[in-house]
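Taken together, the values in this text are just the output of simple stated rules run on the coordinates, not laboratory data. All of these numbers come straight from a predicted model, not from anything done at the bench. Cβ coordinates were reconstructed from backbone atoms using ideal geometry, including for glycine residues, and neighbour counts include every protein chain displayed.
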């Protein structure tokens with residue numbers, strides 16, 4: 001083997017982005033991966049769930065085709081074909097990453113890695129001397145104490161992606177992004193879905209008004225959402241799974257399958273980080289703004305460094321770590337990270353929520369524009385939701401943008417750029433937005449901050 005300048009443990013979005021950036025800067029790079037290329041995001045998370053969401057979006061289009069003057073006979077759901085399409089997409093993308101790495105002469109070493117000393121790594125039965133290293137091992141599903149996951153009746157997000165049939169009923173424990181996405185998928189497929197959330201709001205990290213709006217939309221679809229509720233016990237019975245719920249009283253549900261969707265935690269188990277002297281706190285690797293650990297020359301990126309657990313955050317950190325490993329000076333800017341929830345409709349946000357802005361003692365103006373007033377949304381038949389903009393009252397600088405709508409995850413990029421550049425709502429309103437598009441809702445929401453929206457009735 002040639003002398004390796006940089007070893008990267010993990011080939012997820014952060015790992016392979018770091019590998020490619022380092023190779024672009026002239027490094028000889030090796031990526032160590034124990035499973036499939038692409039990590040959790042590609043194989044067990046972002047991509048497979050979006051494949052399923054895409055399938056049910058087509059199903060929903062068929063179901064409302066008559067509203068558009070199209071007569072279509074719904075012949076049923078071929079769940080096996082939906083899952084086969086998912087697997088085909090995963091294979092295509094894995095091969096794409098393989099070709100990307102090969103084009104940069106990046107070596108892929110198969111196996112599980114762990115540290116023998118700060119600069120010696122063992123992979124299976126081979127030892128490698130390390131000059132510099134980036135740890136990008138990602139995260140795993142969190143568990144609930146007292147609930148045993150069997151992978152069949154009681155599942156994590158990884159298990160549910162391997163289902164062979166559509167369950168008649170599904171209890172989802174956790175009202176965050178993962179739980180809500182699966183709720184939308186299986187509700188559309190005909191499953192009776194119940195969500196249990198211990199807190200007072202679903203997607204509690206989002207703006208409260210956005211969260212409450214999404215909740216109303218999902219409940220109107222028939223998804224039962226039980227907030228301020230915890231699991232007291234789970235029992236196997238002949239009819240399926242008996243789940244004992246505790247809120248203001250004790251209730252019991254009989255469910256076919258249970259999905260544990262209470263979040264994720266950094267995956268550091270088995271790395272022998274103590275042998276390298278790498279400092280961890282609260283089960284995550286501690287890094288600075290350059291993604292450096294306490295050991296010079298060893299970096300960590302992505303989920304293994306703690307929340308937020310986002311592929312695009314990991315990718316950005318990977319590029320920063322690679323540049324620093326190659327002698328450049330780069331730092332992470334965490335002020336502008338878009339958050340996306342691929343529910344139906346979608347939720348996306350960037351910057352401060354209204355509640356957080358008030359906690360930080362900003363004096364704010366708030367503008368909103370509903371999609372029911374958007375010409376493009378009406379033509380698409382996607383009128384649920386709105387855009388909400390929070391701006392500093394004194395400077396007019398945009399502090400946060402929050403969207404619940406169809407294609408919200410695509411629309412949020414404009415908002416991220418605006419906040420990154422320190423734009424005011426006035427500057428947004430001077431940008432000509434194409435008509436008719438959903439993006440005009442951002443323009444109108446910016447006008448609405450000062451009660452000047454041209455597509456809303458006059459406010460006295």
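Summary table below
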{"read-out": "Alpha-carbon Rg/Rh ratio, for the stretch 80-165, with Rh computed the Kirkwood way", "value": "1.08"}
{"read-out": "Virtual spin-label span in nm between residue 254 and residue 164, 7 Å along Cα→Cβ", "value": "2.4 nm"}
{"read-out": "For peptides 373-382, 136-145, sequence by mean Cβ density within 10 Å, most packed first", "value": "136-145, 373-382"}
{"read-out": "Distance from the stretch 76-126 to the stretch 399-460 (C-alpha centre basis), Å", "value": "39 Å"}
{"read-out": "Value of Rg/Rh across the stretch 241-290 [Cα atoms, Kirkwood radius]", "value": "1.28"}
{"read-out": "Sequence of 125, 207, 396 once ranked by neighbouring C-beta atoms within 10 Å, starting from the fewest", "value": "125, 396, 207"}
{"read-out": "222 nm mean residue ellipticity, helices alone, for the chain (DSSP H n ≥ 4; -39,500 (n - 2.57); rounded to 500)", "value": "-9500 deg cm²/dmol"}
{"read-out": "Residues 242, 181, 71, 440 arranged by fewest to most Cβ contacts within 10 Å", "value": "71, 242, 440, 181"}
{"read-out": "The stretch 12-54: proportion of alpha-carbon pairs further apart than 11 angstrom, %", "value": "67 percent"}
{"read-out": "Centre separation in Å (Cα based) which lies between the stretch 306-355 and the stretch 162-201", "value": "26 Å"}
{"read-out": "Binned Cα-Cα distance frequencies in the stretch 243-329 - 5 Å width, integer %", "value": "3, 12, 18, 17, 14, 7, 7, 6, 7, 6, 3, 1"}
{"read-out": "The stretch 154-262 shape via C-alpha gyration tensor axes, a/c threshold 1.5", "value": "oblate"}
{"read-out": "Rg and Dmax of the stretch 329-387, Cα atoms only, in Å", "value": "15.5, 49"}
{"read-out": "When the chain is reduced to its Cα atoms, the Kirkwood hydrodynamic radius in Å", "value": "24.0 Å"}
{"read-out": "Proxy reagent accessibility, fewest Cβ within 10 Å first, across 299, 267", "value": "267, 299"}
{"read-out": "Per-selection metrics, the stretch 345-448 (Cα): Rg and Dmax in Å", "value": "12.8, 41"}
{"read-out": "Relative contact order %, the stretch 1-147, counting alpha carbon pairs below 8 Å whose residues are six or more apart", "value": "36 percent"}
